[in-house]
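For reference, the structure is listed below as structure tokens.
The values are calculated or read from the model by the stated rules, or taken from the named source; none is laboratory data. These numbers come from a predicted model, not from an experiment. In this analysis, Cβ positions are derived from the backbone assuming ideal geometry, glycine residues included, and neighbour counts consider all displayed protein chains. Remember, those area values only see protein heavy atoms, side chains included, never the ligands or the DNA or RNA. Shrake-Rupley method; radii C 1.70, N 1.55, O 1.52, S 1.80 Å.
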Amino acid sequence: MRQVIVAGNWKMNASKDMAGGLISGILSGMSGVKSKIIACVPFPYLSQVEELTKGSQISIGAQNLNVNSSGAFTGEVSAEMIKDFGAGYVIIGHSERRSLYNETNDIVAEKVEAALNSGLTPIFCVGETLSDREAGNTEAVVEKQVMAVLDRTGAEVFKKIIIAYEPVWAIGTGVTATPEQAQETHRYIRSILSRYDEGAAQITPILYGGSMNPGNAKELISCADIDGGLIGGASLEAESFLNICKAG
Ligand code: PGA
């Protein structure tokens, strides 16, 4: 039985006041939450969120990394720096990074490997665009994204990876994949893993992301191959995030 994981992706949204209020709001409503909770916060707030969540049920993550551990890479942040703030997770290959910052499948695979090598758990994102889906290419696109990592790292290490399936057309749009659409792709992703390593296929959590909210979380998370959510907009408000956490 895989534990339900609910990860908040704050994206580039925070201030010291907002981070403080949001984390304390979440902490005050945690009773009865059985899911594993991860807050993926912008780099400058890692330190503050580390302090606020010490000893709590909330784990911390970042949203990107540079594959080098240190050196002349102005403006970049390494896995070691992320770990220095108590973070155990990092989102890799989010569709916004793929489309806005030209992160190819190869770059994403390199980043997943760098995260694993440094002991961070990657939250590795895959997902098709609307035109991919309309052309009937959802499985092919997602398979290519998964295989880029698998070819580089092998299947065994997927036991230490969290996958997030995020259809690009559902991210921030208010349009959620139906539980049937999401489950179908989640099952397909798991079937790719089982071709190479059945153990990894059974263990690897696959989260759904894309306009998940308190109203649709329960139905999505109750699908056989959906192990939780990666939440953008609804993670920025304590009550809605908590209500998703309680759906697991
Ligand atoms: P959303 O974002 O929940 O706002 O759709 C999800 C994500 O981009 O991770």
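Starting from the Kirkwood radius over alpha-carbon pairs of the stretch 42-141, derive D by Stokes-Einstein at 20 °C in a medium of 1.002 mPa s and give it in µm² s⁻¹.
After rounding, the answer is 146 µm²/s.
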Given the whole protein assembly as supplied and a 1.4 Å probe, what does the accessible area of residue 203 come to in Å², nearest 10?
90
When the helices in the chain are scored as -39500 (n - 2.57) per DSSP H run of 4 or longer and the sum is shared across all residues, what 222 nm value do you end up with, to the nearest 500 deg cm²/dmol?
-12000 deg cm²/dmol
Do any chymotrypsin sites (Phe, Trp or Tyr not before Pro) in the stretch 29-129 lie in a DSSP loop with no more than 13 other beta carbon atoms within 10 Å, and if so, which?
73, 101
How compact is the stretch 107-248 by the rule of thumb for globular proteins, expressed as Cα Rg over 2.2 N^0.38 Å?
1.01
Could you sort 134, 113 by their accessible area in this structure, using a 1.4 Å probe and putting the largest first?
134, 113
Take the residue pairs 36/159; 34/83; 16/54; 34/246; 218/246 and return only those whose Cα atoms are more than 19 Å apart.
34/83
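Would you kindly give the portion of the calculated P(r) for the chain that falls above 34 Å, as a percent of all Cα pairs?
Roughly 10 percent, rounded to a whole number.
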Averaged over all viewing directions, the convex hull of the alpha carbons in the stretch 1-75 casts a projected area in nm² of 6.5
